[in-house]
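Each reported figure results from applying straightforward, stated rules to the coordinates on display, with no laboratory input. Remember, it's a predicted structure, so these values are computed and weren't measured experimentally. Using ideal geometry, Cβ is built from the backbone for each residue, glycine included, and neighbour counts are taken over all protein chains shown.
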Amino acid sequence: MATRLPSGYDDRREALATYFDSTARQAWIDLTSDTKVSGIRATVRAGRDAMRATLLSWLPDDLRRTKVLDAGCGTGALAVSAACRGADVTGIDVAGGLVEVARERAPSFLGHGRIRWRAGDMLDPDLGTFEHVVAMDSLIHYQPEDLVDALGQLAQRTNRSILFTFAPRTRLLSAMHEVGKIFPKSDRSPAIVPTAESDLRERLGNLPGWSIGRTQRISSGFYKSQALELVRHG
């Protein structure tokens, strides 16, 4: 695996930071709260809740003295749930404004757990090493080659499992992706990149020391995402 990702990753990361800290900030805050939202967004909220529950179910129930990276923590719901199991969590996101919301929302008492909130790049080696990494819907905006390279970098600093999601290539998602290209750049959100599961599995087969574990697709209205588990072996 390359030790440095191509500029396409950096460019997309910066676009995501700008989008989620400006255009989409309030919408994302509302989506991840109990605030009433439109019917479409309600289905997205339900889908995200189901995906979060799935990923958390793949982690050990007892996470005391276990370091977990929430890579793309957003407003912090998954990080808080892991910390409540005793995990030592680093929650990081490219959108500093959302990290501030996460910090404000986090309960003051987390039992044996704790959370360090960071704004920045999930691939920063200075974050250290972890037993588990969770990247929920934070890699779905990247091209397959960049997504796999990112997982390769995370794998170098992960001892047990990497749980991530990708946008499965379905007719609906592919059509939405193409339609989005007709809008002016100023009106576009960063595109989700539909990825074929077979292609992703083939690429990940070249990740030494790791094997593919469980997978689960969640479909709720406009929310369609698939979780995949990577497990270190040997």
* Structure fact -> Distance in nm between N206 and F109 label points, each 7 Å along Cα→Cβ, equals 5.2 nm
* Relative contact order, percent, of the chain when contacts are C-alpha pairs under 8 Å separated by at least 6 residues? -> 21 percent
* Segments 64-72, 49-57 sorted - mean Cβ within 10 Å per residue, highest first -> 64-72, 49-57
* Consider a paramagnetic label point 7 Å from the Cα of R232 along Cα→Cβ; state which residues of region 210-226 have an amide N under 15 Å from it. => 210-212
* To do: Under 14 Å from the Cβ of I29, count the other residues' Cβ atoms, weight Lys and Arg +1, Asp and Glu -1, and hand me the total.
  => +1
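Shape of the chain from its Cα gyration tensor (a ≥ b ≥ c, root eigenvalues): rounded if a/c is under 1.5, otherwise prolate when a/b > b/c, or oblate?
Note, shape of the chain comes out rounded.
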* region 10-96: relative contact order in percent, alpha carbon pairs under 8 Å with at least 6 residues between -> 31 percent
* Structure fact -> Summed over the other residues with a beta carbon less than 15 angstrom from that of G111, with K and R at +1 and D and E at -1, the charge totals +1
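For R157 and A46, compute 0.36 nm times the residue count separating them, minus their Cα-Cα distance, and round to one decimal in nm.
Length gained between R157 and A46: 36.8 nm.
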